[in-house]
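Asker: Here's a structure for you.
The values are calculated or read from the model by the stated rules, or taken from the named source; none is laboratory data. In this text the structure is predicted, and so the values were computed from the model without any measurement. No Cβ is skipped: glycine too gets one built from the backbone with ideal geometry, and neighbour counts run over all protein chains shown. All accessible areas refer to the heavy atoms of the entire protein, side chains included, with ligands and DNA or RNA removed. Shrake-Rupley method; radii C 1.70, N 1.55, O 1.52, S 1.80 Å.
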Amino acid sequence: MSIQIVMMVPPEAASVSLARHTLTETMRMARVAPECIQEAEVALSEACTRVWNDLTEGKGLEILINVGDRELTMHVLGSGNGYRGHDQGTFLAEVSAQNSRGMLLMEEFSDRTSIQANGGGGSIRLTKQLRWIDQPHASVEG
């Protein structure tokens, strides 16, 4: 099974909520465990907010979500000024406390975090191992 979603959203705060709700309903439909869904929601919200904060005015976000058999991939891309405190994906100590908190949440609630930054924008890619709702066992009579 694989469910793929591509969203192009405007640079508005409501877009982060839209992405989160889309992710939630997609994972529910796939029967992902509720705790796993909640962790993914936090990670995606932080990634969207991080990219959104660095967008050039008038540019939007591209959000790619793939729910696979074993793994969830979330990729948030934006055109902007790049990421302050990042040099070719390396997190630097000068990042503000607020940005550090977001990075820690993304890293805590995903298995792999990849940040790409350049002068024209950047992206955050998160990967998470999925946990599923246990299937009910058929009762055996006899």
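Let's see how each residue does on (1) in a strand (DSSP E or B); (2) modelled with pLDDT under 90; (3) within 20 Å of Arg101 (Cα to Cα); (4) among the hydroxyl-bearing types (Ser, Thr, Tyr):
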position	(1), (2), (3), (4)
Ile5	yes, no, no, no
Thr26	no, no, no, yes
Val51	no, yes, yes, no
Lys59	no, yes, no, no
Gly78	yes, yes, no, no
Arg84	no, yes, yes, no
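Asker: Also: Would you be able to tell me the number of residues in region 96-118 that are assigned to a helix (DSSP H, G or I) and either at positive phi or modelled with pLDDT of 80 or more (or both)?
Answerer: So the answer is 8.
Asker: Taking only pairs six or more apart or across chains, which ones have beta-carbon atoms under 8 Å, a first residue in region 119-142 that is over 30 Å from Asp54 (Cα atoms) and outside any loop (DSSP other than H, G, I, E, B), and a second residue that is open to solvent by 90 Å² or more (accessible area, probe 1.4 Å) and at pLDDT 65 or above?
Answerer: Final answer for the pair search is Trp132/Arg31.
Asker: Is there a residue being at negative phi, more than 11 Å from the chain's Cα centre (by Cα), open to solvent by 10 Å² or more (accessible area, probe 1.4 Å) and of a type in the set (S, T, N, Q) anywhere in region 8-16?
Answerer: no
Asker: Sticking with this one: Take the conditions modelled with pLDDT under 95, assigned to a helix (DSSP H, G or I) and surrounded by 13 or more Cβ atoms within 10 Å (Cβ to Cβ) and apply them to Glu41. Does it pass?
Answerer: So Glu41 fails the test.
Asker: Oh, and also: Given the conditions (1) surrounded by 18 or more Cβ atoms within 10 Å (Cβ to Cβ); (2) under 12 Å from the mean Cα position of the chain (by Cα), report the number of the one that Trp52 does not fulfil.
Answerer: (2)
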